[in-house]
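Engineer: Before I ask anything, here is the structure I am working with.
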Amino acid sequence: MKFPKKLSKELLFYWLCRLGDQYQTSFVVCDPDEPNNPLIYVNDAFLQLTGYSREEALGKNCNFLQGIETDSIAVHSIQKKLTKKSPIHTELLNYRKDGTPFWNELIIQPMSDERGMLLYNVGFQLDVTSRKQTEALFVVQQEIYLGIEKGYALNVLLQKVCDVAESFFQHDTKCSIQLLDSNDRLIVTAARSLPESYNQVVHGLKIGKNIGSCGTASFTKKPVITTDVETDPLWVDFKQEALSHGLRACWSIPILTLENKVVGTLALYFPKPNKPRDVDIEFLHRLAPLVSLAVIYADNQEEVLRLAYMDTDTGIPNRHYFFNELKQLLSENKPGFVAIVESSEFTHISDVYGRAAGDGLIKQMCQRLNRVYKSSDAVIARFASPTLIIAHLIPSAEIDCYTSRIMSIADEPFLVGDEEFFVTFKIGITTFQGNTIDGPELIRYADTAISDAKKRAGNALSFFTTDKDEMAKQELSFINHLSHALQKDEIDVHMQPKVRLHNGEIYSFEALARWFSPELGQVSPGIFIKAAENSGKIRTIDLIVLNKVLNWLQTRKKLGKRLLPVAINISSDHFFHPYFVSNLIKAMKIADIPTSYLRIEITESIGLVDFELAKNIFEQLKTAGFESSVDDFGIGFSSLSYLQQFSVSEIKIDRSFISKMENNGTHAIVRSIVQLAANLNMQSIAEGIETLEQVDTLLKIGCKNGQGFYFYRPMTFDQIDELLDNPIDRDKQ
């Protein structure tokens with residue numbers, strides 16, 4: 001990042017300090033002109049993150065946060081990039097003042113003047129230890145289960161848990177896992193770091209009150225945190241042995257089954273008195289169930305095998321069982337059908353009354369279906385959380401009768417908690433004649449049919465047809481084309497000018513995604529944007545538009561040409577991405593474009609997704625210098641109480657209102673939106689203007705800005721360049 005000569009180093013430092021004081025994230029400034037590139041500024045968040053005082057940190061190189069397990073290769077890479085004045089974004093294991101390690105997502109931005117002279121190195125630190133813990137737990141879980149399948153000894157596998165636990169605490173922390181035998185005695189199972197002589201003392205101890213941390217935790221089924229072994233009364237009979245081995249503190253977490261039965265304990269020992277933080281206890285509570293599940297899995301292989309074919313929440317056979325049974329039914333070479341049954345209210349009931357209530361609904365559905373199908377030729381299983389699946393051998397002529405009986409089980413209310421509820425069913429059915437079609441394909445057919453049933457209101461039953469299958473395949477093919485288009489950079493950007501209505505002056509642009517496919521031709525944005533939303537690819541399209549807009553702005557800036565703000569549409573998925581604002585700021589800095597040249601457009605229903613989070617994100621955008629706009633206002637599910645709390649500066653009136661302003665009711669709506677925007681100190685802009693009459697009407701009701709074909713159609717970047725660079729020769733399109 002470069003700054004003009006006229007901005008002195010001292011003044012820049014002043015403003016960096018002012019900026020750092022506002023950050024809730026750790027922020028530091030280093031002076032490369034001083035020997036060893038020392039810290040010359042740290043904000044309060046840095047002090048909170050590291051545990052050091054400002055006096056202890058200032059004047060030191062950041063490497064004082066490094067420790068015994070810090071990756072030396074990563075450190076060398078950082079030093080190399082600093083020498084080259086290159087930006088840095090990496091993750092590094094650092095240590096707090098008390099010796100506790102934490103994973104640091106580190107961003108270092110060199111700041112130079114326009115002559116290339118390095119002025120300062122600015123650093124941001126973010127504690128990502130929780131994410132690293134989650135990643136480590138996932139890896140060790142996979143290793144344990146794979147190891148059990150391969151027949152590895154349980155103590156060897158549980159030692160991996162100990163190794164992970166030790167890696168997230170200060171050096172010389174020791175972890176122990178002790179399992180409980182049938183006589184309630186502690187059996188040391190994994191404790192490689194602890195002295196063997198100490199393990200021998202603990203091994204075989206009967207649990208009970210005042211039996212150290214582990215014996216007491218196992219007995220009470222509650223965590224026991226001993227911050228100082230020497231003074232804790234629980235350790236009276238064991239403290240000399242512990243202290244002689246340098247064990248001064250012990251935190252013990254009981255390992256419990258879902259039935260609250262004690263399996264054993266997970267303990268951490270420390271070389272000095274130590275009090276845990278909330279995050280430490282949370283981590284240990286995340287480790288304990290992993291041990292419990294591993295023990296149960298290893299000790300109960302036969303039970304696990306049974307569970308593989310049974311839904312544990314309801315006792316109903318599961319989909320694995322169904323696949324095996326369906327294969328047997330088809331081998332009989334008789335006619336029949338496969339049906340998937342789903343209650344539309346399952347998710348809502350589970351959300352309001354809890355998962356157990358949803359499971360209870362499924363159990364009642366299964367019980368009623370079993371009364372319909374008393375024949376041994378029928379198989380019923382839980383296919384997914386909200387659905388049951390049925391396979392039945394039955395003559396084709398009787399299928400209609402049986403499907404009616406399936407639907408009839410919704411005639412009577414279901415008991416949820418202490419209340420009765422009527423539910424609606426969506427059913428997808430496919431028939432078969434013998435074994436001409438295999439099981440997985442039949443299930444796919446039924447799945448396709450229920451997707452069609454879900455498009456209709458109320459109780460709905462849909463039979464599979466080849467037309468439905470073809471439509472589903474076409475949708476999948478379109479998404480596949482879109483995926484290839486993203487890989488081949490086929491998504492282009494056109495921009496439509498926004499103008500002052502009284503004189504047609506361009507003051508801004510809206511960036512619009514366009515797709516020309518070599519196979520499909522020009523694809524309507526209304527089609528491919530919706531497909532991108534449904535397939536989870538919309539954020540990728542947002543980023544493509546953003547990058548192309550920034551590249552265009554950057555090119556014009558380098559050529560010394562006129563810049564105007566550009567609005568980009570941001571999807572809901574992208575808006576709520578955890579790094580949306582920080583990544584946006586980063587992109588603007590890399591492009592060296594002020595945030596005032598980018599406007600964020602979001603649909604009005606964003607507040608209904610997560611109002612508090614949306615409000616916070618809008619505030620972050622405003623603080624960073626971005627203006628925000630509510631797009632397509634009036635057609636969604638807006639709330640005026642939400643809108644007035646959002647830090648937005650513009651309301652865009654949807655084109656569907658503008659096209660019908662000759663209608664008195666629509667005219668009144670548009671006038672109300674314009675007045676609403678004015679009352680909230682926001683600008684209003686009309687979309688889709690196509691006639692001079694619409695322009696005159698909008699001016700009369702106080703709308704000053706607009707866009708539409710009457711002024712300009714969406715244009716390529718080259719056309720926009722021509723428009724801006726040769727304003728005298730331009731023709732309105």
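Engineer: For the stretch 518-627, which GluC sites (Glu not before Pro) are in a loop by DSSP, counting at most 15 other Cβ atoms within 10 Å? Can you show the working numbers first?
Structural biologist: Numbers: sites: GLU519, GLU533, GLU601, GLU604, GLU612, GLU619, GLU627; in loops: GLU519, GLU604.
Answer in residue order: GLU519.
Engineer: What FRET efficiency comes out for the pair GLN142/LYS261, r = Cβ-Cβ distance, R0 = 22 Å, nearest 0.05? Working shown, then result.
Structural biologist: Values: r = 25 Å, r/R0 = 1.16.
E between GLN142 and LYS261, to the nearest 0.05, is 0.30.
Engineer: Treating the beta-carbon of each Lys and Arg as +1 and of each Asp and Glu as -1, no other charges, what is the dipole magnitude of the stretch 233-341 about its Cα centre, to the nearest 20 debye? Can you show the working numbers first?
Structural biologist: Numbers: 11 positive and 13 negative charges, 78 e Å.
That gives the stretch 233-341 a dipole magnitude of about 380 debye.
Engineer: Which parts of the stretch 527-552 would a label at LEU486 reach, counting a residue when its backbone N lies under 20 Å from a point 7 Å out along Cα-to-Cβ?
Structural biologist: 527-550, by backbone N distance to the label point.
Engineer: Restrict the search to the stretch 255-300; then list the trypsin sites (Lys or Arg not before Pro) that DSSP places in a loop and that have at most 12 other Cβ atoms within 10 Å of their Cβ. Write out the running numbers ahead of the final one.
Structural biologist: Values: sites: LYS261, ARG277, ARG286; in loops: LYS261, ARG277.
Here the trypsin sites (Lys or Arg not before Pro) that fit, given the DSSP loop and packing criteria, are LYS261, ARG277.
Engineer: What aspartates and glutamates could a cross-link reach from LYS557, if we take a straight Cα to Cα line under 16 Å and drop same-chain neighbours fewer than 8 places away?
Structural biologist: GLU114, ASP592, ASP718, ASP721, GLU722, ASP725
Engineer: Taking the Cα centre of each part, how many Å lie between the stretch 498-560 and the stretch 175-212?
Structural biologist: 64 Å
Engineer: Now a separate question. Accessible area of VAL156, 1.4 Å probe, to the nearest 10 Å²?
Structural biologist: That residue has around 80 Å² of solvent-accessible surface.
Engineer: In nm, give the distance between the simple-model label positions of ASP721 and GLN22, each being 7 Å from the Cα along the Cα-to-Cβ direction.
Structural biologist: Simple spin-label model gives 3.5 nm for this pair.
Engineer: What's the ranking of 130-138, 37-45 by average number of surrounding C-beta atoms within 10 Å, highest first?
Structural biologist: Values: 130-138: 15.3, 37-45: 19.2.
Ranking the peptides 130-138, 37-45 by packing returns 37-45, 130-138.
Engineer: Still on this structure: What's the FRET efficiency of SER112 with SER77 using the Cβ-Cβ distance as r and R₀ = 30 Å, to the nearest 0.05?
Structural biologist: Details: r = 21 Å, r/R0 = 0.69.
It comes out at approximately 0.90.
Engineer: Moving on. Can you list residues from other chains, or at least 5 along the same chain, whose modelled amide H is less than 5 Å from the amide H of GLU345?
Structural biologist: THR424
Engineer: Tell me what the chain gives for mean residue ellipticity at 222 nm when only DSSP H runs of n ≥ 4 count, each as -39,500 (n - 2.57), the sum divided by the residue total, rounded to 500 deg cm²/dmol.
Structural biologist: Values: 28 runs with 316 residues, N = 733.
-13000 deg cm²/dmol, from helical runs alone.
Engineer: Do any GluC sites (Glu not before Pro) in the stretch 77-121 lie in a loop, going by DSSP, with at most 16 other beta-carbon atoms within 10 Å of their beta carbon, and if so which? Please list the in-between numbers first.
Structural biologist: Details: sites: GLU91, GLU105, GLU114; in loops: GLU114.
Passing both the DSSP loop test and the Cβ count: GLU114.
Engineer: Counting only complete DSSP H runs, which helices of the chain cover 24 Å or more along their long axis at the Cα atoms and score a mean Kyte-Doolittle of 0.5 or above?
Structural biologist: Working: long enough: 129-149 (30 Å, -0.18); 278-299 (32 Å, 0.89); 355-372 (26 Å, -0.44); 466-487 (31 Å, -0.76); 538-558 (30 Å, 0.00).
Taking the DSSP H segments of the chain (at least 24 Å long, mean hydropathy at least 0.5), we get 278-299.
Engineer: What are the ³J(HN,Hα) couplings of the stretch 25-37, residue after residue, when phi is run through the Karplus curve with 6.51, -1.76, 1.60 and θ = phi - 60°? Round to Hz, x for glycine and proline.
Structural biologist: Working through the residues one at a time gives 9, 4, 9, 9, 10, 10, 9, x, 6, 8, x, 6, 6 Hz.
Engineer: Can I ask one more? I need the shape label for the stretch 663-733. Rule: rounded when a/c is under 1.5, else prolate if a/b > b/c, else oblate, with a, b, c from the alpha carbon gyration tensor.
Structural biologist: Values: a/c = 2.93, a/b = 2.04, b/c = 1.44.
Because a/c hits 1.5 or more and a/b exceeds b/c, the stretch 663-733 counts as prolate.
Engineer: Tell me the net charge near ALA357. Cut-off is 12 Å between Cβ atoms, ALA357 excluded, with +1 for each Lys or Arg and -1 for each Asp or Glu. Mind showing how you got there, number by number?
Structural biologist: Details: positive: ARG355, LYS363; negative: ASP313, GLU345, ASP351, ASP359, ASP418, GLU419.
Every neighbour counted, the sum reads -4.
Engineer: Next question. Given LYS206/LYS272; LYS239/LYS261; LYS132/LYS426; LYS84/LYS537; LYS80/LYS537, which pairs have Cα atoms separated by over 31 Å? Walk me through the numbers on the way to the answer.
Structural biologist: Details: LYS206/LYS272 27 Å; LYS239/LYS261 28 Å; LYS132/LYS426 42 Å; LYS84/LYS537 36 Å; LYS80/LYS537 37 Å.
Correct reply: LYS132/LYS426; LYS84/LYS537; LYS80/LYS537.
The values are calculated or read from the model by the stated rules, or taken from the named source; none is laboratory data. This is a predicted model, so every value here is computed, not measured. No Cβ is skipped: glycine too gets one built from the backbone with ideal geometry, and neighbour counts run over all protein chains shown. With ligands, DNA and RNA removed, areas are computed over all heavy atoms of the protein, side chains included. Shrake-Rupley method; radii C 1.70, N 1.55, O 1.52, S 1.80 Å.
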